[in-house]
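Nothing in this text is a laboratory measurement; each read-out follows from the coordinates by a stated rule. A quick note: this is a predicted structure, and the numbers were derived from the prediction, not measured. We place every Cβ from the backbone using ideal geometry, glycine too, and count neighbours over all the protein chains shown.
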Amino acid sequence: MIDRRQMMTTALTLGAMHAFPQLTQAQARRLVFATFTGSWEEAHRDVLVPAFRKASNNADIALDPLLSVDQIAKVTAARANPPIDVMLHDPGPALVAIDQDLVDDYPIAQSAHYNDLIADAQGAKGPAPFFQVVGITYNPDKIKTPPTSWSDIWKPEYKGRVGITNLNSTLGTGFLVEIARSRGGSEANVDAGFKAIEELKPNLGAVAANPGQLATLYQQGQIDIGPGNFNAIQILKARGVAVEFVAPKEGAIAFKTTIHLVKNSPNKELAFKLIEASLSPEVQAKLMESPYLIVPTNTKVKIGGEVAKALAKDHDEMKKKFVFQDWAAINKQRSAWIEKFNRDIKI
Amino acid sequence: MRSAPVTTYDLKLALPLAGFFALFFVAPLLILILVSFYTDTSLTQFGLVQYARFLLDPFSLSVLVSTLWLGVKVTLLCLLLGFPLAWTFVRSPRLAQGVLMLIIVLPLLTSVVVRTFAWIVILGRQGIVNNLLLSLGLADTPLRLLYTDGGVVVALAQVQMPLMVLPLITALSRIDPNLRDASSALGAGAWRSFIKVILPLTLPGIMAGCLLTFAAAITAFITQSLVGGGQMLFMPMYLYQQSSTLSNWPFAAAISIIFLVAVLGAVTLFNLLGRLSRGYAQG
């Protein structure tokens, strides 16, 4: 006969299994891909996942949309049995993940697409399937002459109408480095950049907490001009917000979005297939189209549409017009810069 | 077998909850304290470096002080606006009370993010306030209301208002209406009745409301960062920056412990005031 105690134990066990499904799935779990939140997740769910499933005989896959830092935290917490198989990273966090020995070498010899990537997108610890591009965003209803250079943001007529983000984001840090470089600084010395932001203060209408918030501020008329991410701005534009993106004549800032095999992943083979799919010209060409407009890194993709119009018409022009930054150097001092920004930038 | 008295409960009944708290609250807190004593980000050496770094740094201390001060300002504003509201509620007929209660609780039923975005729309350069000021000719150019201290205080006060009003309503509705009548029959004016009778009797509600509002205001990461922007630094954002952007867990842990102790200190002070005032109310 079943007594109460046994009932209780069974109920608790069932409850625990329900609350922590990993207990039962520890051995064989489906492939987990940590993508970014928002439009990235949408793009990957709609294009990358179907391509992967086709290539892998309908293997099961779960998207886990997380910020880079949260991906790293999750994998660090369980190095031996990581809950994520494939990570996606901005350049800063990618180097952190590599430094902390969280990722495996990419099996280049077996890869069908690796050698087709443009040189800047190749990397032994994880190739870049996409570029993110930062240029100048402006509101064409309020600003009639399109800006052409980063220095236009400092024009006195934009008093109180410029928006930037703080250095928590890749966008904010990249912008600081770029203006430092345009004034004689470098990744190792951004003092000129801080001086420039100091001079920008009268123009600053907002220092947003993150790039997502920065983009929405155009919609509300809080700001009319500032650095902006090509994809984020295109999404706003598609929703009818009056925003335009221009690549400044100094060159648009390009960040690699890299994809990595997590060390000790139990799904190595499927993970490799997913990354291969993300590097393939088919997936990249599809993601380049509207509404995603993600900049491809595979040279076999013929660049077209909005990406060709606003950024570069082929990969050769891309190499000339994009500015890549040395994130290994940036990471070394980023913490000090964030501290300086905390202390000095008050509007 | 003798059955236990039906009116007393066995403490063992609290064991599952106690176990839950021990596992998911006490244990992580202990780990947090442990992490805060590491001197380096790879967690190898122990020391007090992180605490020294915070407590000996005037900038970090100013972030702590401005966060607590923000809490005080929001709490006072909530009290100032919430008391008349609670008063109106208690004095309204039953039908109006239903409507008022809905209005009071409504902020709790919408997400903090939505409420905060509404404030961005209200306070923005082309927001409702600025448009009104411009069209009335009270200002020539849009004023900067967003990303200011005042903006954060007002937005937080609205967001946290129910936490102040609900305890006040409970306290006010417990007061016997005869007391006020008695007070005025004995010759006290409206203000005197309020200060000598109503206010002391509502003190428990005021203390509870203030505590809740204060605690909620200083930890409101979303509202602080969206309305305050990326350059106004309060403790939750400072913590987030250190732990998430910079992966400096020991320093982030030390910040949380210091914040926790500071908040506990403020709460103790509140409670002390509450106890003193209760003495005043009964004396």
Degrees, to the nearest 10: A:170-182 long Cα axis against longest axis of chain A: 30 degrees
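What is the mean number of Cβ atoms from other protein chains located within 10 Å of the Cβ atom of each residue in peptide B:145-158, rounded to a whole number? Don't jump to the answer; show the numbers that get you there.
On the way: counts 0, 5, 8, 1, 0, 0, 0, 0, 0, 0, 0, 0, 0, 0.
That works out to 1 on average.
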Neighbour-count order for A:181, B:275, fewest beta carbons within 10 angstrom listed first: B:275, A:181
Listed residues B:184, B:62, B:92, most fluctuating in chain B (Gaussian network, C-alpha, under 10 Å): B:184
Part-to-part distance (alpha-carbon centres) for the range B:206-234 and the range B:132-192, which is given in Å: 18 Å
Paramagnetic reach from residue B:33 in the range B:251-275 [backbone N under 17 Å; point 7 Å along Cα→Cβ]: B:253-265
GNM flexibility winner over chain B from B:189, B:150, B:82 (Cα, springs under 10 Å): B:189
FRET E, pair residue A:42, residue B:179, Förster distance 56 Å, beta-carbon r, rounded to 0.05: 0.35
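Rounded to the nearest 20 debye, what is the charge dipole size of chain B about its Cα centre when +1 sits on each Lys and Arg Cβ and -1 on each Asp and Glu Cβ? Intermediate results must be reported in sequence, preceding the final value.
Details: 15 positive and 7 negative charges, 149 e Å.
Charge dipole, chain B, about its Cα centre: 720 debye, nearest 20.
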Proximal lysines relative to residue A:309, as straight alpha-carbon distance under 21 Å, when same-chain residues fewer than 8 apart are discounted: A:144, A:237, A:249, A:256, A:286, A:300, A:319, A:320, A:321
Angle in degrees between helix A:4-19 and the longest Cα principal axis of chain A, rounded to the nearest 10: 30 degrees
Residues B:195, A:197 arranged by fewest to most Cβ contacts within 10 Å: B:195, A:197
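List the relative contact order of chain A as a percent without decimals, with contacts defined as Cα pairs under 8 Å and 6+ residues apart. Show your work: numbers first, answer last.
On the way: 588 pairs, mean separation 82.5, N = 347.
The normalised contact order for chain A reaches 24 percent.
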Unit charges on C-beta of K, R, D, E only; dipole of the protein assembly as shown, Debye: 1600 debye
Charge dipole (the range B:1-132, unit charges on Cβ, about Cα centre) - positive-most of B:70, B:100, B:9: B:100
Test item: Cα-centred dipole of the range A:150-217, Lys/Arg +1 and Asp/Glu -1 on Cβ, debye: 160 debye
Kyte-Doolittle at least 0.0, axis length at least 20 Å by Cα - qualifying DSSP helices, chain B: B:58-91, B:94-109, B:149-173, B:199-218, B:249-282
Principal-axis tilt of helix A:327-344 within chain A, Cα atoms, nearest 10 degrees: 70 degrees
Ascending count of other beta-carbon atoms within 10 Å, so fewest first, for A:182, B:111: B:111, A:182
GNM flexibility winner over chain B from B:252, B:216, B:188 (Cα, springs under 10 Å): B:188
